[in-house]
Amino acid sequence: MYLKVMLALDGSEEFAPLVSTATQLMDEERGQMLVVHLTELTAGRGSGPLHVDEDDRIARVREQVTRLADNGIDAKLVTGSTVRNPAEAIARVADMTQAEVIVTGPSGHGPVLGAIAGDTPKALLRRAPCPVLVVPPRPRHRQHDRVAA
């Protein structure tokens, strides 16, 4: 069990599998969950959030931290911003806070934006000062292979 679990959320993913995994990894009595959300900014003149729904994303993350606290979990929100390098910023926060494990979801970017913005989970695996656990989203519909008789 870990004493400091970092939960890195971009606000787009379904939280349930990530929160469940992070909670299971955390020491129930003495553990702390650091929920990190970084606003990805575009560079240049008139720069702003990369995601047009950034206000909604941070609101969802704040709601999740409140729910965790309401359930008796020592949860702290860490926010910030970064230009095209969220993995580096998350790794720095993990190092500064002495996080023992980082839990995150797969990249929230589609293939086009992912090529521009990068793949944060993959970059975290190279940069983080601690283990990184990437939790896939729940499948919406499970398809079972049928064996022809």
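The values are calculated or read from the model by the stated rules, or taken from the named source; none is laboratory data. Because the structure is a prediction, the values reported are computed rather than measured. Quick reminder, even Gly has a Cβ in these numbers, built from the backbone with ideal geometry, and neighbours come from all protein chains shown.
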Can you name the helices (runs of 4 or more DSSP H) wholly within the stretch 48-137 that have at least 1 residues being in contact with a Pro (Cβ under 8 Å, 6 or more places away or on another chain) and either at pLDDT below 95 or not hydroxyl-bearing (Ser, Thr, Tyr) (or both)?
86-97, 120-127
Answer with yes or no whether residue 28 is at pLDDT below 95 and in a loop (DSSP other than H, G, I, E, B).
yes
State whether one or more residues within the stretch 40-47 are under 15 Å from residue 4 (Cβ atoms), outside any helix (DSSP H, G or I) and modelled with pLDDT under 95.
no
Matching residues in the stretch 82-102 - criterion: being of a type outside the set (A, V, I, L, M, F, W, C) and touching a residue at least 12 places away in the same chain (Cβ under 8 Å)
82, 84, 85, 86, 88, 95, 97, 98, 100
